[in-house]
Amino acid sequence: MSEINTALSVEDLSVVYRTQGVDIAALKDITFNVNDGEIFGIIGESGSGKSTLAKAILRNIKPPGFITGEPRIFCYGRNIISMSQREFREKILWQLISYVPQSSLNSLNGTMRIIDHFYDTATSHGISKEKIREKALELLKMVRLEPEKVAVMYPHQLSGGMRQRVLIALSLLLNPKLVIMDEAVSALDVATQKHILDIIKDLNKSMGITVIFITHDIAIAAYLTHTIMVLYAGEIMEIGKTERIIKSPYHPYSVSLMSSVPSIRGSLEGVRVVKEGYPSRVGCPFNTRCEYTSDICFKNHPELYEINSDYVRCFNYATNKPKGS
Amino acid sequence: MRSLWLIRRVAMAFITVLVTIIISWALMEYSPESPANTLLNNLRVTEYSNPRLLIEMEQYLNTLRPHGNPVVNALEYIWQILHGNMGLDVISQIPVTKIIATAIPWTIFIVSTSLLISFVIGIRVGQFMGYKRGTKSDSTLTMLFTVIRSIPIYISGALLLFILGYQMRLFPSGGAYSATVQVGLNLPFIESVLYHSILPIATLTLANLGGWALHMRANTIYTLGEDYVTYAELRGITSRQIETKYVGRNALLPLYTSLVIAIGFSFGGSVFVEQIFSYPGIGNLLYYSITNNDYTLEMGIFIILITAVVIGVLLADLTYSLIDPRVKTGD
Amino acid sequence: MKKINLDINEGESLAIIGESGAGKTTLGRVLVGLQRPDAGEYLYDNINVWKNRRAMKRLRKEVQYIYQDPISSLNPSKTIYESMSFPLRKQGLRGDALRERVSELLKEVGLNAGEVESRYPSQLSGGQLQRVNIARALSVNPRVLIADEPVTMLDASYRIGIIDLLVRLKKERNLTLVFITHDLAISRYLDYRISGVRGIVMYGGIIVERGDLNSLIKNPRHPYSQYLVNSTIDIVNDGELQSVSKSNVENITRAEIGCPYSTHCPFVMEKCKEKEPLLMKIEENREVACYIYGG
């Protein structure tokens, strides 16, 4: 891990939701690294904790959600979780890490013009409107929008795809090194999806921006990312290179995810139904749906085991050494 | 498209006013009471009751009553109204427009002042409560406002008058200004007017405050949960900007319509207050005209009240698109 | 939606493919009798349902609709049992017979009645809820199922299960299945399981292409179908995809006159902007509404 620069490292991050005195774990001991310059995919289904993870990194967990334990989160060498909220807002947000929200949400203020969102962001970080205007227009152009025209429009006058491109442009305003994108293309039409993914690929390639791309769509993760981390029930099930995970996933859950997605060009023979069920609270969380269980899966909780510098949380790989040992 | 919608909307408002005039006119026309009856009843009980005089009086008053086809009468009345002529007051024989003109500034003064004060304080406190939702200060204020809002205005007015006016003698018990000052643009007069207006304005403000505050509180809480507020926080926008441009503006917008409509309605809303504080506004006039069956004056005031409400609603409708870019008028 | 000519035969499977705004949901609503066509007629069993009340009543019972959002199609304050028993009570079932029928139907869609009956919709997963919706549709013994994006809102790992269920029900009950989707891969899987699914591609309210679904996806002929197939991101990653589109602007503006795709089509001709092309047969089992192929 020394030669490659680390963009983000997260260690022992846990988040709980506290309702009526009972803690429900949303994230359990999350530990991973994102390398500088890569597109890091986080895939998971509803309830897997993937959006909570984004919010935790951005320090936006609000009650009833709480971060527990003593996590360490470093972004380009800076400890972003121990610094004051004020310093984080002023120095880290948008200048080091920025964020693109879910496309289905109404993330833009309907009473403000598009350009005002850029101005607000700049002035909040001590940069004047005049200084940022050109940069804003340049970014709008980069995401293939007509800058002068779109700048003075209101959010409701844009289509969903155009709004998503505005959000991407906005995320780049203060030259961040890392952009976290949460379901950034999910609610869009397929053709629009592809346009936007190509823009993201291009940003990554030409500007060297590191991207954390959170999605439930495996095909999109396969198309876009270099590394994939699979989340299930708030835990990391597997981390590995995208190509390997798509072709030969290790974890039974990853296997079932990959086989549940039909292709429009390739063979459909491998497509298989996954057993339905809720995550288990005892033993391995996937033991209620897994086809490869043995007794130990119902008793003990598996560690993350290392295989060829990838990681998998499954007893079937327990002959390999646990992570960190 | 837009101008066509505008014309339609204005025409609708005009027709609404006309229809309400016709309905009120019909109610008056077929009402068993008449100003003549009231006047005669008054005369009968006085010492001057002379049967001959009474009969003469009755004959005279009957000539004042409209005769002939009621439809023609109604049309004639409306025609006159459209020309700004509301006829003569039955009892005093002074033009109705003139009577109303002297009363209406007093009403506008106390109503608009109280509306402004209650709105400004209400939205401030409401936003504070919204931000502090679930805390002790929020729940205390919510309870307080709910209680205040449910007290009828004639009770709160009477209480204020009794305690601050009669018991503590802090404020005058009625009227718009003291009888000893010279009417005109001079300092003692203005001081007296302001001094006399404090209790009525306080009563009206108290009545409106809870509504604005609770409404703003609800809007603020709703807006705080909106995605664009979270996204603004994540962008590192200062909390001050979020409070004004994101939460404040979006929570306030829906209240704009209520405010403009409230202005229209408030002309009629001060009847009780003006009655309690013997304030010489249009509400007091309305009370007087009803008790005396002074139907030309009654009708005149009705028309003013109705027109104010209709114009308020119309204005709210027409101008909302100017302040909220999301709404395109006429779409 | 305009000038749609469509016959659906008893027992066949039809996939209606299109993106948002293509008119596919409107078409679905017409088929189920929820929306009256402004012009033209809709015949069910050769009877115009908008002119014959009994035919409409029969249509309403025999054609059942499955919605995209599984949770909002169930009353949140009613248990699954209550939601399930409502249509059955109307058929006169009571007591043990009713209970038995409910658990039978739930079993048919792969749910364990004892496990889900007493729960509320918020306590079930999306996949389970969609199964409940399907069970409820089955309770009136329909002949036709119209499934409008039935798996779009579900997690990926539940989708195939629902498709497999629809396929099994179609076979066991000999249903006519109309499957509305924007997802080419899912519709291809449906065809893989049933085979012989007819496909329709809609754009801007018209049918731009129709034919056997499998060959339609393999070899699309209308420029829009080609664009759709080529820009769909596939799990089988074959490098950079080629987009057959003139502009980078997404399809929000549609031509009002002529072919609705003319504003985005890379092969646009003068004719396309003037008059709407009609569906015409260009080969066995393939009709395309495009002047490239003549007309």
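The values are calculated or read from the model by the stated rules, or taken from the named source; none is laboratory data. Everything numeric in this text was worked out from a predicted model, so none of it was measured. Here Cβ is always computed from backbone atoms with ideal geometry, including for glycine, and neighbour counts include all displayed protein chains. Just the protein is used for accessible areas: all its heavy atoms, side chains included, with ligands, DNA and RNA removed. Shrake-Rupley method; radii C 1.70, N 1.55, O 1.52, S 1.80 Å.
General observations
- Criterion: within 7 Å of chain B (Cβ to nearest Cβ) and either hydroxyl-bearing (S, T, Y) or open to solvent by 70 Å² or more (accessible area, probe 1.4 Å) (or both) - qualifying residue of A:S107, A:S82, A:S128: A:S107
- Against the conditions (1) crowded, with 19+ Cβ neighbours inside 10 Å; (2) in contact with a Pro (Cβ under 6 Å, 6 or more places away or on another chain); (3) more than 30 Å from A:F118 (Cβ to Cβ), B:V181 satisfies every one except (1).
- Contact map, segment A:8-23: first residue free of Cβ contacts under 8 Å to residues at least 60 places away in the same chain, second residue basic (K, R), Cβ cut-off under 7 Å, separation 6 or more or different chains; pairs are A:S14/A:K28.
- Hey, A:V282 of a type in the set (V, I, T), more than 23 Å from the chain's Cα centre (by Cα), open to solvent by 20 Å² or more (accessible area, probe 1.4 Å) and under 25 Å from A:K241 (Cα atoms) or not: no
- Considering residues of segment C:108-124 that are farther than 26 Å from C:E149 by Cβ and of a type in the set (D, E, K, R) only, the residue least open to solvent (accessible area, probe 1.4 Å): C:E117
- For segment B:207-263, filtering for residues that are among the charged types (D, E, K, R), open to solvent by 40 Å² or more (accessible area, probe 1.4 Å) and modelled with pLDDT under 95 leaves 6.
- Considering residues of segment A:159-191 that are free of Cβ contacts under 8 Å to residues at least 60 places away in the same chain and either in contact with a strand residue (DSSP E or B) (Cβ under 7 Å, 6 or more places away or on another chain) or open to solvent by 10 Å² or more (accessible area, probe 1.4 Å) (or both) only, the residue nearest to A:K131 (Cα to Cα): A:M162
- Qualifying position, being under 14 Å from A:M162 (Cα atoms) and without any contact (Cβ under 8 Å) to a residue 60 or more places away in the chain, among A:K205, A:K194: A:K194
- The listed residues are A:S256, A:S280, A:S260, A:S309, and the only one of them that is hydroxyl-bearing (S, T, Y) and more than 23 Å from C:G110 (Cα to Cα) turns out to be A:S309.
- Cross-chain or 6+ apart pairs with Cβ under 6 Å, segment C:118-141 first and within 14 Å of chain A (Cβ to nearest Cβ), then open to solvent by 10 Å² or more (accessible area, probe 1.4 Å) and among the acidic types (D, E): C:G127/A:E276
- Single residue of segment C:239-290 satisfying the filter (of a type in the set (D, E), modelled with pLDDT of 80 or more and open to solvent by less than 80 Å² (accessible area, probe 1.4 Å)) that is nearest to C:L228 (Cα to Cα): C:E287
- Matching entry among B:F119, B:F128, B:F145 (being closer than 15 Å to B:M216 by Cα, modelled with pLDDT of 90 or more and open to solvent by 80 Å² or more (accessible area, probe 1.4 Å)): B:F128
- Leading residue by the ranking (nearest to B:V260 (Cα to Cα)) among those in segment B:291-304 that are part of a helix (DSSP H, G or I) and open to solvent by less than 30 Å² (accessible area, probe 1.4 Å): B:I303
- Options B:I123, B:I91: the member that is in a helix (DSSP H, G or I) and β-branched (V, I, T): B:I123
- Meets criteria (open to solvent by 40 Å² or more (accessible area, probe 1.4 Å), within 11 Å of another protein chain (Cβ to nearest Cβ) and either outside any strand (DSSP E or B) or more than 18 Å from A:V273 (Cα to Cα) (or both)) for C:R193: yes
- Only a single criterion out of (1) hydroxyl-bearing (S, T, Y); (2) within 23 Å of C:E10 (Cα to Cα); (3) within 14 Å of chain A (Cβ to nearest Cβ) is not satisfied by C:Y158, namely (2).
- Of C:K3, C:K57, C:K61, C:K90, all but one fail to be open to solvent by 90 Å² or more (accessible area, probe 1.4 Å) and more than 22 Å from C:I134 (Cα to Cα); the exception is C:K3.
- When C:T181, C:T176 are screened for being more than 27 Å from C:Q91 (Cα to Cα) and either away from chain A (no Cβ under 14 Å) or open to solvent by less than 30 Å² (accessible area, probe 1.4 Å) (or both), only C:T181 passes.
- Check on C:G199, open to solvent by 10 Å² or more (accessible area, probe 1.4 Å), in contact (Cβ under 8 Å) with a residue 24 or more places away in the chain and among the small types (G, A, S): no
- Selection count where residues are within 30 Å of A:D12 (Cβ to Cβ) and assigned to a loop (DSSP other than H, G, I, E, B), scope segment A:235-272: 4
- Of the residues making up segment B:126-162, those that are without any contact (Cβ under 8 Å) to a residue 60 or more places away in the chain, outside any loop (DSSP other than H, G, I, E, B) and either within 22 Å of B:T244 (Cα to Cα) or of a type in the set (F, W, Y) (or both) are B:F128, B:S137, B:F162.
- Residues that are more than 7 Å from chain C (Cβ to nearest Cβ) and either within 19 Å of the chain's Cα centre (by Cα) or open to solvent by 30 Å² or more (accessible area, probe 1.4 Å) (or both) within segment A:248-265 comprise A:S248, A:Y250, A:Y253, A:S254, A:V255, A:M258, listed in sequence order.
- Considering residues of segment B:238-278 that are in contact with a Leu (Cβ under 9 Å, 6 or more places away or on another chain) and β-branched (V, I, T) only, the residue farthest from the other protein chains (Cβ to nearest Cβ): B:I276
- Near pairs, Cβ below 7 angstrom, 6+ apart or cross-chain, from segment B:74-93 (exposed (fewer than 13 other Cβ atoms within 10 Å of the Cβ)) to any residue that is assigned to a loop (DSSP other than H, G, I, E, B) and not basic (K, R): B:Q80/B:G87
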